[in-house]
Amino acid sequence: MNLTQKLISAHLVSGEMVPGQEIAIHIDQTLTQDSTGTMAYLQFEAMGIPTVRTEKSVAYIDHNTLQTGFENADDHKYIQTVTNKHGIYFSKPGNGICHQVHLERFGKPGKTLLGSDSHTPTGGGIGMLAIGAGGLDVAVAMGGGAYYLAMPKVCKVNLTGKLSPWVTAKDVILEILRRLSVKGGVGKVMEYTGEGVKTLSVPQRATITNMGAELGATTSVFPSDEVTLAFMKAQGREADWIPLAADADASYDEEITIALDEIEPLVACPHSPDAVKPVAELAGMAIDQVAIGSCTNSSYTDMMTVAALLKGKTVNPNVSLVIAPGSKQVMTMLAANGALADIIASGARILECGCGPCIGMGQAPATKAVSLRTINRNFEGRSGTKSAQVYLVSPETAVASALSGVLTDPRTLGEAPVVTMPEHFFVNDNLIIPPSETPKDVKVVRGPNIQPFPKNTKMEKEISGKALIKVDDNITTDHIMPSNAKLLPFRSNVPYLADFCLTPCDPNFPARAKKAGGGFIIAGQNYGQGSSREHAALAPLQLGVKGVIAKSFARIHMANLINNGILPLIFVNEWDYDNISLGDELVIHYAQDQIKGAANGELVMITNLRDGSEIATKLNISERQKDILLAGGLLNFTKQANEH
């Protein structure tokens, strides 16, 4: 077996490991962050289970740390008290980004990790089967329920050679994105093998698995080897290590080869992570801002490289350089060895250990500014400034450019600094709060911003509604449910958020949906790519959306729609997309019977009352997902199952 098959088979609860067929796996660990966590814990509470049934569940506060009002602080207090009551560890604000901290302190090779964040696959850097999902799926897993997914294909990524000086793991994943696109990993696990693997450190591997999310992949995974052992040992967690690798004669569904020694510094251009070009091709472009950090590139070795390049130098006067170390551990070690002083002396601004600029939580660029960022996504407007041009680069390219004031190939700087992994990381987990030993005594605190989330009802015999909006290809969850410093504080207030749903595509959509009493969203290819945020399904549900008819869907968003009882219908004939106009009245006759048939591969027919035309769609669902849709969502389905 390949490594992916080994990890899945060790956790398989039901189903056959045949690509495309639904399987269920047992989940060992979960993580949430505060942007998605409030909803996940509200849903967990609704299940009535007193204590989590996982080996380890951790709640992180890393997204909504900019406290300009009471809302974020209220959410943090709710998460701290609800986790304290239900057996979940709590990582306080300032302790760091969930993926960085989990890699350092909790991740274990061979374990499954389900996280309510699309970059949870970072854990694949140490040989975990780490998958991003919607909050409701994570809530179910915390309650001991299995996680259901389509058995993915496994793509072998054969790494050969060794990275040249100034070329980084970021450039590796950008090269893969250049080749495969943001849709190239859909339905697949990217499994890294080959002689080149042993030349990459754990932080480098984690950078690659982190941005596997941008491929649309289910997850990415590296073997657990001597390099992994050295990292775990340096974290004081040697006992958590086990060796893991594919069998020598393992077979794969697909294979690509990446020659590490042939890669050069790369940059992803606006507004997509797969719009990749060589840095040398764009060198000399004036820049305004550089942001270094995020769960992709904020490790100790990343930051030590940045410090070495900045030492004794000054940031260009026309550039704002902001730097956010990924964890308290990283920040503390930088402070102790003098590297932080070198960074500060250069003129860089130090941010707290959190997501910050990556999610538009502060540091929005100026109007039409060019911003170089070491983050994982550069969707239009995600930075907080719609007119900004965001480019994705490695820390080395970021620093070289911050010093010169223009996009600069770091290979022009001469000899590359050599940064080695420490033999011992500084370990101080005093910002991680264990759950209460007397949970009955814990009172869960709910502030006024925490509102009930919308719940669907049992599917009706006939589903009808207007075509409320028509959008193009590659609509992201940032389009569907904008995530910026103004809206993030309301993640636990779906009624408020719903008024901003799909407004980047059409400012009038929420009002139109309310006036029509709900209806359908019409979409192109890869609808719902990007973040795992469940709010991209909850906000449409709040507005009465009954179905999304698209050319294709991103994996997590499709699952979130099903979990909330919203139909994710796929055009059989793409020309039908062109024939639907805004305001058309669409009807699914005998809806319950049609949905039952869809689980057996039958088409779901939609009638357009404007001209009486029939639109053929398919609904790629399992028997279980059919029952979830008929029940009106996963919560209703789970309650029904418990009652029986």
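A short reminder: the numbers here are calculations on the coordinates, not readings from a lab. Keep in mind the model is a prediction, meaning the values are calculated, not measured. Please note: Cβ atoms are built from the backbone with ideal geometry, for glycine as well, and neighbour counts cover all protein chains shown.
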**OP:** Mind checking which of Val604, Leu630, Tyr590 is farthest towards the positive end of the stretch 463-643's charge dipole, using Cβ charges of +1 (Lys, Arg) and -1 (Asp, Glu) about the Cα centre?
**Re:** Leu630
**OP:** Taking the dipole about the Cα centre of the chain, with the C-beta of Lys and Arg at +1 and of Asp and Glu at -1, give me whichever of Gly69, Leu136, Met190 is farthest to the positive side.
**Re:** Gly69
Subject >> Cα-based shape type of the stretch 463-643, given that a ≥ b ≥ c are square roots of the gyration tensor eigenvalues and the cut on a/c is 1.5 >> reply: oblate
Subject >> Mean Cβ count within 10 Å, highest first, over the residues of peptides 478-489, 615-626 >> reply: 478-489, 615-626
**OP:** Let me know the charge dipole size of the stretch 337-432 about its Cα centre in debye, to the nearest 20, where only the beta-carbon of Lys, Arg (+1) and Asp, Glu (-1) is charged.
**Re:** 560 debye
Original post:
Looking at the stretch 3-262, what % of the alpha carbon pairs are farther apart than 29 Å?
Top reply: 30 percent
Original post:
In terms of Cα to Cα distance under 24 Å, which lysines are near enough to Lys626, apart from those fewer than 8 places away along the same chain?
Top reply: Lys153, Lys188, Lys455, Lys458, Lys461, Lys466, Lys546, Lys551, Lys596, Lys618, Lys639
Original post:
Listed highest first by mean packing, meaning other Cβ atoms within 10 Å per residue, what order do 565-578, 327-340 come in?
Top reply: 327-340, 565-578
Subject >> Local net charge near Asn563, Cβ-Cβ under 10 Å (Lys/Arg +1, Asp/Glu -1) >> reply: -2
Original post:
Which net charge results when you count Lys and Arg as +1 and Asp and Glu as -1 among the other residues whose beta-carbon is under 12 Å from that of Ala550?
Top reply: -1
Original post:
What are the aspartates and glutamates whose alpha-carbon lies under 12 Å from the alpha-carbon of Lys156, with same-chain residues fewer than 8 places away excluded?
Top reply: Glu191, Asp253, Glu254, Glu255
**OP:** Assign one of three labels to the stretch 266-409, namely rounded, prolate or oblate, based on the Cα gyration tensor with a ≥ b ≥ c the square roots of its eigenvalues; rounded applies when a/c is under 1.5, prolate when it is not and a/b is larger than b/c, and oblate otherwise.
**Re:** prolate
Original post:
What value, in deg cm²/dmol to 500, does the helix sum -39500 (n - 2.57) over DSSP H runs of n ≥ 4 give at 222 nm once divided by the residues of the chain?
Top reply: -8500 deg cm²/dmol
Subject >> Amide H partners (placed H, <5 Å) of Asn526, local residues excluded >> reply: Asn474, Ser552, Phe553
Original post:
Based on Cβ point charges of +1 for Lys and Arg and -1 for Asp and Glu, what charge dipole magnitude is obtained for the stretch 580-636 about its Cα centre, in debye rounded to the nearest 20?
Top reply: 200 debye
Original post:
Mean projection of the alpha-carbon convex hull of the stretch 207-252 over all orientations, in nm²?
Top reply: 4.3 nm²
**OP:** Take the alpha carbon gyration tensor of the stretch 522-585, find the square roots of its eigenvalues, order them as a ≥ b ≥ c, and report rounded if a/c is under 1.5; if not, report prolate when a/b exceeds b/c, else oblate.
**Re:** oblate
**OP:** Collect residues whose amide H, placed 1.01 Å from N in the peptide plane, falls under 5 Å from the amide H of Val604; neighbours closer than 5 in sequence don't count.
**Re:** Thr617, Lys618, Leu619
**OP:** Starting from the amide H of Val276, placed 1.01 Å from N in the peptide plane, find each other amide H under 5 Å away whose residue is 5 or more places distant or on another chain.
**Re:** Cys269
Original post:
Kirkwood Rh, the stretch 58-155, all Cα pairs: how many Å?
Top reply: 14.6 Å
Original post:
Among the lysines, which have Cα under 25 Å from the Cα of Lys313 when same-chain residues fewer than 8 positions away are ignored?
Top reply: Lys170
Original post:
How big is the convex hull of the Cα atoms of the stretch 332-376, per residue, in Å³?
Top reply: 100 Å³
Subject >> the stretch 516-590-the stretch 415-493 distance, computed between alpha-carbon centres (Å) >> reply: 21 Å
Subject >> Residue order, fewest to most beta carbons within 10 Å, for Tyr590, Tyr252, Tyr148, Tyr527 >> reply: Tyr590, Tyr252, Tyr148, Tyr527
Subject >> Ascending count of other beta-carbon atoms within 10 Å, so fewest first, for Val442, Val548, Val494 >> reply: Val442, Val494, Val548
Subject >> Ranked Tyr496, Tyr300, criterion: other C-beta atoms within 10 Å, fewest first >> reply: Tyr496, Tyr300
Subject >> Of His479, Asn493, Ala467, farthest towards positive along the dipole that unit charges on Lys, Arg, Asp, Glu beta carbons give the stretch 457-508 >> reply: Asn493
Subject >> Bins of 10 Å, starting at 0 and running to the largest distance - Cα pair percent for the stretch 126-206 >> reply: 14, 40, 29, 15, 2
Original post:
Sorted by packing (mean other beta-carbon atoms within 10 Å per residue), highest first, where do 116-129, 443-456, 184-197 land?
Top reply: 116-129, 184-197, 443-456
Original post:
Roughly how many debye, to the nearest 20, is the charge dipole of the chain about its Cα centre, given +1 on each Lys and Arg Cβ, -1 on each Asp and Glu Cβ, and no other charges?
Top reply: 1380 debye
